[in-house]
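The structure appears right after this line, and notes come after that.
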Amino acid sequence: MSQQVTRDIVAVKQNEDYCSHCSICSSLCPYQALNKEAETGKIFLDIEKCQVCGLCYSTCPAKAIDTIYYDLDSLINYLGKAKQEFDSDTLVIMCKGSAPDFSGVEKLFGVSKFVPLIVPCVGRLPEEIYFNALLMGIEKISVLACDEDYCRYDRGSPVTGRKILALNLLLNQLGYGQEVINLKRHSLKVMVDANLCIACGNCVFYCPYSAAKLTSPGGINFELSACRGCGLCVAMCPATALDLENWERERISMLISKLSPEMEPPKILVFRCQWAVFPPLNGGLSPNIRFIDLPCAARVDNFHILEAFLKGIDGVLIAACSEEDCKQEKVSGKAQHAIATLGKRLSQIGFQDRLYFCTVAPRYPEEFDRELDQFSQKIRAIGSKEG
């Protein structure tokens, strides 16, 4: 499959005519993608370094930076429709990296009925979205951010904390009362069943954060404060003794069983790293394609791929970050190796072309669409030959 793509469309653009050279964006950018020229004072965007965290977009006082993902207009449109759909005056904004399921939100915030807004980083939201939500009739806003040392974008969570503190002070002065916006922090961690553990050491070997350690005699101990929830250890555990909160093995299996019957042939299931692809808030579904978003491509389990084929899926695509872009210490490379190994085994039954691993980046939004289109054509061609 061809990997050559054009990169005419980028996710973040800078309007130099609006830029006041204040340097807020360059001082906040976690990836040195925005830099100030010493002689002219101009700010330049290096799109190759950009990880599309959205911090520059949300903090630029001159509105000189635009993004195609979760911009103010799309967020406002989504909230208007979602408020009617969920029929609630409570808004819960969540970072993808820390968002639990709806029952988990109820435990954290004590609300069972709410309007959900899930974005790659809550730090990317401009202040205007909070004011617009209140003007729409939202009475309470809860924000769930990652723990500060857990933030995939390094500065997104800390910036959010400071922003909400300032917003609450302003809203109090405007008569909205104190703490209209409630901030909590949460991180999704690995879960261990000691009764199933065989102390093989796979988790210790693969963990990029040294969260798993062998203990004596013959046991494994997890330092959960170090765990970043990539899920690699879960996928590599031969004893199924590990699981990952919100991406449990059984939960993913149930999702595969639910999605397959509602798809038209040729059925294509896509496992997406949630940092590699940013889907639109109101995105439509193709009749033959469904998506399962994961905390990292490392969470892709061979068991789930084989299960998908057994449930009638015709093709499985894994979309991951490149090692350079990986938010989990380059573990996407280990995931790619595991998928390649499974592909060799699938070749024994002629299924090797039905499994494909690709690396994409949200800075180039057309990359994923092109990979999916090419893979879809390939699966259709396989189906026509077999038909």
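Counting only DSSP H runs of at least 4 residues, each contributing -39500 (n - 2.57), and dividing by the residue count of the chain, the helix-based mean residue ellipticity at 222 nm comes to -9500 deg cm²/dmol.
Taking 17 Å as the straight-line reach from the Cα of K163, the aspartates and glutamates in range (excluding those fewer than 8 positions away in the same chain) are E127, E128, D147, E148, D154, E179. Counted over all Cα-Cα pairs of the stretch 1-123, pairs farther apart than 24 Å make up 44 percent. Compute the distance from the alpha-carbon center of the stretch 126-153 to that of the stretch 276-306, in whole Å. Computed from Cα coordinates, the inter-centre distance equals 25 Å.
Each Lys and Arg adds +1 at its Cβ and each Asp and Glu adds -1 at its Cβ; summed about the Cα centre, the chain shows a dipole of about 640 debye.
Among Y209, Y70, the sequence by solvent-accessible area, most first, with a 1.4 Å probe is Y209, Y70. Structural descriptor for the chain: relative contact order 14 percent, calculated from alpha carbon pairs under 8 angstrom and at least 6 residues apart. In the chain, what % of DSSP beta bridges are antiparallel (nearest 5)? In the chain, DSSP labels about 30 percent of beta bridges as antiparallel.
For the stretch 122-168, the carbon plus sulfur part of the accessible surface works out to 52%, probe radius 1.4 Å.
Please give me the summed charge of the neighbours of A381: other residues whose Cβ is under 12 Å from its Cβ, Lys and Arg +1, Asp and Glu -1. Spell out each step's value before the answer.
Working: positive: R354, K378, R380, K385; negative: D314, D353, E386.
In short, +1.
Counting charges near I43 (Lys, Arg +1; Asp, Glu -1) among other residues having Cβ under 10 Å from its Cβ returns a value of 0. Protein heavy-atom accessible surface, 1.4 Å probe, per residue over the stretch 262-387: 43 Å². Normalised by residue number, the volume inside the convex hull of the Cα atoms of the stretch 74-219 is 139 Å³ per residue.
Straight-line cross-link partners of K344 among the lysines, defined as a Cα under 29 Å from its Cα and at least 8 positions apart when in the same chain: K258, K267, K311, K327, K330, K334, K378, K385. Nearest-5 percent of antiparallel DSSP beta bridges in the stretch 1-133? Within the stretch 1-133, antiparallel bridges account for around 55 percent of the total.
With the charge dipole of the stretch 1-133 set up from +1 on Lys and Arg Cβ and -1 on Asp and Glu Cβ about the Cα centre, the Cα lying farthest toward the positive end among the listed residues L117, F131, A11 is that of L117.
For H186, the accessible surface of its heavy atoms amounts to roughly 40 Å² (probe 1.4 Å, protein chains only, rounded to the nearest 10).
Here the stretch 228-385 is treated with +1 on each Lys and Arg Cβ and -1 on each Asp and Glu Cβ, and its dipole about the Cα centre works out to around 360 debye. What you get for the stretch 71-129, charging only the Cβ of Lys and Arg (+1) and of Asp and Glu (-1), is a dipole of about 200 debye around the Cα centre. In terms of its C-alpha gyration tensor, the stretch 154-258 comes out prolate, because a/c is 1.5 or above and the ratio a/b outweighs b/c.
Across E48, E324, E37, the residue with the most accessible area heads the list, and the full order at a 1.4 Å probe is E324, E48, E37. Packing order of peptides 51-62, 85-96, highest average first: 51-62, 85-96 (average count of other Cβ atoms within 10 Å over each peptide's residues).
How much of the DSSP bridge set in the stretch 123-273 is antiparallel, in percent, rounded to the nearest 5?
Expressed as a percentage, antiparallel bridges in the stretch 123-273 total about 60.
When each of the peptides 100-111, 117-128 is scored by how many other beta carbons lie within 10 Å of its residues on average, the order from highest to lowest is 117-128, 100-111. Can you classify the chain as rounded, prolate or oblate using the Cα gyration tensor, where a ≥ b ≥ c are the square roots of its eigenvalues, rounded means a/c under 1.5, and otherwise it's prolate if a/b beats b/c and oblate if not? Prolate, because a/c is 1.5 or more and a/b exceeds b/c. The overall shape of the stretch 216-302 is prolate: from the C-alpha gyration tensor, with semi-axes ordered a ≥ b ≥ c, the ratio a/c is 1.5 or greater and a/b exceeds b/c. Restricting to Cα pairs below 8 Å that are 6+ residues apart, what does the relative contact order work out to for the stretch 30-91? Please round to a whole percent. Rounded, it is 18 percent for the stretch 30-91. Helix 366-386 sits at what angle to the longest principal axis of the chain, using alpha carbons and giving 0 to 90 degrees rounded to 10? Approximately 30 degrees, to the nearest 10. Centre-to-centre, using Cα atoms only, the stretch 29-45 and the stretch 7-27 are separated by 9 Å. The residues neighbouring Q352, those whose beta-carbon lies less than 13 Å from its own, together hold a net charge of +3 under the Lys/Arg +1, Asp/Glu -1 convention.
The values are calculated or read from the model by the stated rules, or taken from the named source; none is laboratory data. Every value quoted in this text rests on a predicted model; they were computed, and no experiment measured them. No Cβ is skipped: glycine too gets one built from the backbone with ideal geometry, and neighbour counts run over all protein chains shown. Quick note on the areas: whole protein, heavy atoms, side chains included, nothing else; ligands and nucleic acids left out. Shrake-Rupley method; radii C 1.70, N 1.55, O 1.52, S 1.80 Å.
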